[in-house]
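Engineer: Below is a structure I'd like to ask you about.
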């Protein structure tokens with residue numbers, strides 16, 4: 001009798017394990033994954049993007065999304081946090097970008113700037129967003145090929161290929177685990193999905209930002225009067241060695257004041273003209289540039305690489321707001337009385353360069 005019971009137990013365990021290990025077919029998993037991605041009410045996940053073979057650091061983005069049929073543009077509200085530095089909040093026509101490393105909050109006035117849909121689409125069209133992945137799966141549904149079964153981060157996964165993409169799907173839950181994108185000569189991009197949750201309750205407060213003490217709030221879309229023939233706004237900034245430099249230090253001296261960033265191609269293309277101003281007009285005007293990298297080491301590296309010998313200061317959100325910096329480079333000519341007599345944006349070349357040099361020649 002004991003032997004019979006022992007054999008029965010062994011058989012039960014065998015059949016139990018066999019059923020547990022029985023996998024769904026690759027076709028079933030793919031269909032379930034596509035259905036889940038098409039039909040959620042709320043969706044939250046973290047996407048970690050790595051550029052294979054590049055020194056570029058991995059980027060982590062947290063998404064929270066809620067379908068809302070009465071929303072006029074995307075039919076959803078969203079929260080997007082990028083590397084714990086920049087967070088975007090959107091519900092209805094309320095869009096806000098909170099940049100903690102800049103201590104800056106930018107809100108968008110839909111009543112005065114009807115291009116909000118453009119900003120929304122730009123924010124939601126990154127490769128790491130599962131909304132984009134869903135579109136791809138539907139777009140290439142007739143051309144998706146099953147490749148292999150793999151163990152990915154201790155999870156059994158099916159691997160599928162289509163166009164320039166590969167996707168790893170959990171064999172049990174039918175959820176995306178990884179997306180691989182072949183970018184030709186620029187290498188491969190891998191996006192790993194973590195903490196993926198469908199249909200958890202989400203309060204609308206998730207998609208609203210809070211004011212933060214010490215942060216500068218600006219409204220994008222409200223057109224200000226041109227920065228011309230007005231008193232130059234005061235500023236006090238740090239140089240690249242951490243020394244405080246203020247506008248008061250240059251009272252009575254005409255200034256060429258430029259706002260720029262290291263990653264801006266238009267700024268880099270303008271460098272020769274800025275150096276020319278420094279060389280040609282050094283006895284007439286002081287060149288002061290304000291960098292908005294918000295990365296001191298990156299700025300220092302650019303200063304060395306580009307052999308910049310004029311004054312470079314570290315920009316902040318207050319300067320950004322007071323000088324209405326909508327694009328880089330932005331530059332101003334200020335006379336000895338502290339009045340802005342010339343202002344412009346964009347690459348210093350052609351007509352813009354000629355107008356700038358004429359303004360500098362006239363300034364007193």
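Engineer: In region 312-340, which residues are at negative phi and surrounded by fewer than 18 Cβ atoms within 10 Å (Cβ to Cβ)?
Structural biologist: 318, 321, 322, 326, 327, 336, 337, 339
Engineer: Identify all residues within region 164-189 that are farther than 15 Å from residue 27 by Cβ and either outside the structural domain of residue 47 (by TED's automatic domain parsing) or touching a helix residue (DSSP H, G or I) at 6+ places or on another chain (Cβ under 7 Å) (or both); write none if there are none.
Structural biologist: Answer for region 164-189, where residues must be farther than 15 Å from residue 27 by Cβ and either outside the structural domain of residue 47 (by TED's automatic domain parsing) or touching a helix residue (DSSP H, G or I) at 6+ places or on another chain (Cβ under 7 Å) (or both): 165, 175, 176, 179.
Engineer: Oh, and also: With a cut-off of at least 1 residues that are in contact (Cβ under 8 Å) with a residue 60 or more places away in the chain, name the strands (runs of 3 or more DSSP E) lying wholly within region 256-338.
Structural biologist: Correct list: 311-314, 330-334.
Engineer: Then there's this: Being outside any loop (DSSP other than H, G, I, E, B) and surrounded by 11 or more Cβ atoms within 10 Å (Cβ to Cβ) is true for just one of 228, 196. Which residue is that?
Structural biologist: 196
Engineer: Check region 48-60 and report whether any residue there is in contact with a helix residue (DSSP H, G or I) (Cβ under 6 Å, 6 or more places away or on another chain) and buried (at least 17 other Cβ atoms within 10 Å of the Cβ).
Structural biologist: No, the conditions are met nowhere in region 48-60.
Engineer: Still on this structure: So which residues in region 79-99 are free of Cβ contacts under 8 Å to residues at least 40 places away in the same chain and over 13 Å from the mean Cα position of the chain (by Cα), if there are any at all?
Structural biologist: 92, 93, 95, listed by residue number.
Engineer: Within region 62-78, does at least one residue satisfy the condition of being assigned by TED's automatic domain parsing to the domain that holds residue 193, crowded, with 19+ Cβ neighbours inside 10 Å, without any contact (Cβ under 8 Å) to a residue 60 or more places away in the chain and assigned to a strand (DSSP E or B)?
Structural biologist: Yes, that holds for at least one residue.
The values are calculated or read from the model by the stated rules, or taken from the named source; none is laboratory data. This one's a predicted model, so the numbers in the text were calculated from it and none came from an experiment. Virtual Cβ from ideal backbone geometry, glycine too; neighbours counted across all protein chains shown.
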